[in-house]
Amino acid sequence: MAATDTRVLVTDRRQLNVYETDAAGALLRRASYPFVGTAQAVAISGALGYVASRSDGLSIFDLGDPAHPQRLSVLPTTGPLLDVASAGSRVIAVGPRGLHVVDVSQTSAPVLRGSVALPGSAWRGGGR
């Protein structure tokens, strides 16, 4: 799960679910986006959503219209991704093959900027 003050992203591993808060603070489900593979974790930054997948790599979504999320791009990875975090124009993703830094300044063409292997089971991200 990931959230801003007005949006919440949740994955049940088969789809990305987009929620929005109304004026009273109640959550309203706006949309879902199905995944063929397994959506493992999500991150959000402004109107952009990021999905780490066990099979698809890193997906970037435009959430400008929460009722109609648009997949902007996919960055395939050599192994599964298990967690993701947004850090400005960069996204940090982690999986069994290491920690990956992705430049997302061009959302239609994300670029892997670097990777590093992690010792032991450090990639597990708190037991995921």
Original post:
Do the conditions hold for residue 90, that is, is it modelled with pLDDT of 95 or more, basic (Lys, Arg) and in contact with a strand residue (DSSP E or B) (Cβ under 7 Å, 6 or more places away or on another chain)?
Top reply: yes
Original post:
Taking into account only those residues within segment 63-90 that are in contact with a Phe, Trp or Tyr (Cβ under 8 Å, 6 or more places away or on another chain) and either free of Cβ contacts under 8 Å to residues at least 24 places away in the same chain or of a type in the set (Gly, Ala, Ser) (or both), which is surrounded by the fewest Cβ atoms within 10 Å (Cβ to Cβ)?
Top reply: 70
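Name the residue, out of 120, 114, that is more than 17 Å from the chain's Cα centre (by Cα), assigned to a strand (DSSP E or B) and free of Cβ contacts under 8 Å to residues at least 24 places away in the same chain.
The unique qualifying residue is 114.
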Original post:
Just to be sure, is residue 79 under 22 Å from residue 13 (Cβ atoms), part of a strand (DSSP E or B), touching a strand residue (DSSP E or B) at 6+ places or on another chain (Cβ under 7 Å) and not hydroxyl-bearing (Ser, Thr, Tyr)?
Top reply: no
Original post:
Within the group 43, 3, which residue is closer than 18 Å to residue 67 by Cβ and within 16 Å of the chain's Cα centre (by Cα)?
Top reply: 3
Subject >> Some residue of segment 25-45 being modelled with pLDDT under 90 and under 17 Å from residue 3 (Cβ atoms) >> reply: yes
Original post:
If you go through segment 5-36 one residue at a time, how many are assigned to a loop (DSSP other than H, G, I, E, B) and surrounded by 14 or more Cβ atoms within 10 Å (Cβ to Cβ)?
Top reply: 1
**OP:** Please find, among 52, 93, 41, the residue that is in contact (Cβ under 8 Å) with a residue 60 or more places away in the chain, part of a strand (DSSP E or B) and under 20 Å from residue 113 (Cβ atoms).
**Re:** 41
Original post:
Can you find a residue in segment 48-62 that is surrounded by fewer than 16 Cβ atoms within 10 Å (Cβ to Cβ) and of a type in the set (Lys, Arg)?
Top reply: no
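The values are calculated or read from the model by the stated rules, or taken from the named source; none is laboratory data. Keep in mind it's a predicted model, so treat the numbers as computed, not measured. In this analysis, Cβ positions are derived from the backbone assuming ideal geometry, glycine residues included, and neighbour counts consider all displayed protein chains.
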